[in-house]
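Some notes on the structure that comes next.
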Amino acid sequence: MASITTRKGDTFDLLARRAYGDDQQSALLRSANPGAVEPFEEGVVLTAPDQPTAPKNKPPTVQADNPSELALLINGQRFRFWTGISITRSIDSMDTLSISAPFEPDDRGFRETFKPFAFAPVNVNVGGAPLFTGTMLSVDPDLKEDGRTVAAACYSVPAVTGDCTAPASAYPLEWDGAKLRTIAEAIAAPFGLSVVFDADEGAVFERVALKPGEKVLPFLIKLAQQRGLLVSSTERGELLFTKSIAPGQPAARLVEGASPLVDVVPVFNPQDYYSEITGIEPMVVGLRGGQVTVRNPRLRGIVRPLAFEVSDTVNADIEAACNAKAGRMFANVVNYSCNVATWRDPSGNIWKPNTTVTIDAPGAMIYGEYEFLVRAVTLSRTSDGGELATLALTIPGAFDSKIPEALPWD
């Protein structure tokens, strides 16, 4: 995002013409600057968000000498003094980045680079291509006898919607008979975000509203889940709506005791495992809402029910919402974490979420080759060149409203 300084007598129309070359973008300026009153006096600084529908300001690129060269840019300037970097990319959450570096408080450059509450833009390129586009969130210096260091936590550009509500000037935000893309683009516009769908957006929502005080990202996730979609971010900092990939074309086959697999750790959560899941339509005065129940064929003779209210949807989609919740149950209760001693799969591509891998690891209760969905990938590298990829794995189909036919220990 940029800013624009007013001249005496400016209006939103004039400012939009100056900032975007189009006075039709005045509504975008209004929504990003709640409480601003026109005509303006001289010297008022206003936020001028990026135009989501215009060609995006591409993430800065740095020429790379080899495909593995990593470039970290903070405030558009390359920062070479990091000692450790860790990037986490996920199919159902926003990308994050952790940076560790020595801290030199007497150096003005270091003080400007790591400044609390500055929300500096941060980019990571590998081999000249963007891998992370985001914002520096927290800065934590650490003073010890053996030296001074600083750690910075960053998140992808769209992750700001998880912290914030819509600006006050945007309300009321209500839709009748609207599809998810329409809703998402309207809410994302004041933040200057581009919205990307690489899957069908599903049926319309009969009636939906974003209430004052309700944060944007949880609201969008709730709607996306009712359409069987996942919300995350792209390498370029776009807000992404997608579906999980179907099994059948694994990116790698990993075997216990064979390189590059380092280890496999199962993570089970039995308290979120249910015998049946029931979606209940909200009651209207004088009318009883409908119900749909999905039973877990793997848990018979045991009573562990879960009921939830399906709101903001039409009757035909109650079943879809219920099936989606049943599938997600398996994503929450059966997970594996495995470390791989390389950032790249056998085809030479950097590991990424929403791919699949097969694992054969009897020591981790995977009795025979089983195909997993890669839910998230954490890519870690140290300044001396050491690297590790951690794959967070879950049951395939869990994000696609499907109850698995088999489990790893069957």
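Each reported figure results from applying straightforward, stated rules to the coordinates on display, with no laboratory input. What you see is a predicted model; the values in this text were computed from it and never measured. Methodologically, a virtual Cβ is constructed for each residue, glycine included, from the backbone with ideal geometry; neighbour enumeration extends over all protein chains shown.
Per-residue Karplus couplings for the range 10-21, computed as 6.51 cos²θ - 1.76 cosθ + 1.60 with θ equal to phi - 60°, are listed in order as 4, 10, 4, 4, 5, 5, 5, 5, 6, 7, 10, x Hz, Gly and Pro entered as x. Near residue 78: Cβ cut-off under 15 Å, other residues only, Lys/Arg at +1 and Asp/Glu at -1. The net charge is -2.
A cut-off under 13 angstrom between Cβ atoms defines the neighbours of residue 341, and their net charge, with Lys, Arg +1 and Asp, Glu -1, is -1.
Extension gain for residue 276-residue 80 works out to 65.2 nm (0.36 nm per residue, less the C-alpha to C-alpha distance). Each pair of Cα atoms in the range 306-368 enters the Kirkwood radius, and Stokes-Einstein at 20 °C and 1.002 mPa s then converts it into a translational diffusion coefficient of 139 µm²/s.
Extending 7 Å from Cα along the Cβ direction at residue 112 and again at residue 265 yields two label points whose distance is 4.1 nm.
For the range 303-410, GluC sites (Glu not before Pro) meeting the loop criterion (DSSP other than H, G, I, E, B) and having at most 16 other Cβ atoms within 10 Å: 405. Loop-located chymotrypsin sites (Phe, Trp or Tyr not before Pro) across the range 116-152 with a Cβ neighbour count of 10 or fewer within 10 Å are 117, with loop assigned by DSSP. Shape class for the range 2-48, computed from the alpha carbon gyration tensor (a ≥ b ≥ c): rounded, with a/c under 1.5.
Given R0 = 60 Å, the distance between the Cβ atoms of residue 38 and residue 293 translates into a calculated FRET efficiency of 0.60.
Taken one residue at a time, the phi angles of the range 254-268 give Karplus couplings (6.51, -1.76, 1.60, θ = phi - 60°) of 10, 10, 3, x, 10, 5, x, 5, 9, 7, 9, 10, x, 10, 10 Hz. Gly and Pro are set to x. Here the relative contact order of the chain, from alpha carbon pairs under 8 Å that lie six or more residues apart, stands at 14 percent. Remark on residue 137: its backbone amide H falls under 5 Å from those of 153, 154, 155, a criterion applied only to residues 5 or more positions apart or on other chains, H modelled at 1.01 Å from N. Its relative contact order, with pairs defined as Cα atoms under 8 Å and 6+ residues apart, puts the range 130-284 at 22 percent. Mean sequence separation of contacting Cα pairs (under 8 Å, at least six apart), scaled by the length of the range 2-48, corresponds to a relative contact order of 55 percent. Remark: spin-label model distance residue 163-residue 303 equals 4.7 nm, labels positioned 7 Å along the Cα→Cβ axis.
Restricting attention to the range 127-244, the count of lysine pairs at 8 or more positions apart or across chains with alpha carbons under 21 Å apart stands at 6.
When the helices in the chain are scored as -39500 (n - 2.57) per DSSP H run of 4 or longer and the sum is shared across all residues, what 222 nm value do you end up with, to the nearest 500 deg cm²/dmol? One gets -4000 deg cm²/dmol as the mean residue ellipticity at 222 nm.
Each Lys and Arg contributes +1 and each Asp and Glu -1, all at the Cβ; summed about the Cα centre of the chain, the dipole is approximately 280 debye.
May I ask you to derive the FRET efficiency for residue 98 and residue 63 from their Cβ-Cβ distance with R0 = 25 Å, giving the value to the nearest 0.05? Given R0 = 25 Å and the Cβ-Cβ separation, E is 0.45. Cβ crowding within 10 Å, taken as a proxy for footprinting-reagent exposure, orders 211, 402, 144 from fewest neighbours to most as 144, 211, 402.
Would you give the gap between the C-alpha center of the range 190-234 and the C-alpha center of the range 1-33, rounded to a whole Å? Going from one Cα centre to the other spans 27 Å. For P(r) over Cα pairs in 20 Å bins from 0, in percent, the candidate list reads [x] 27, 56, 17, 0; [y] 29, 62, 10, 0; [z] 23, 51, 24, 2; the entry that matches the value derived from this model is [z].
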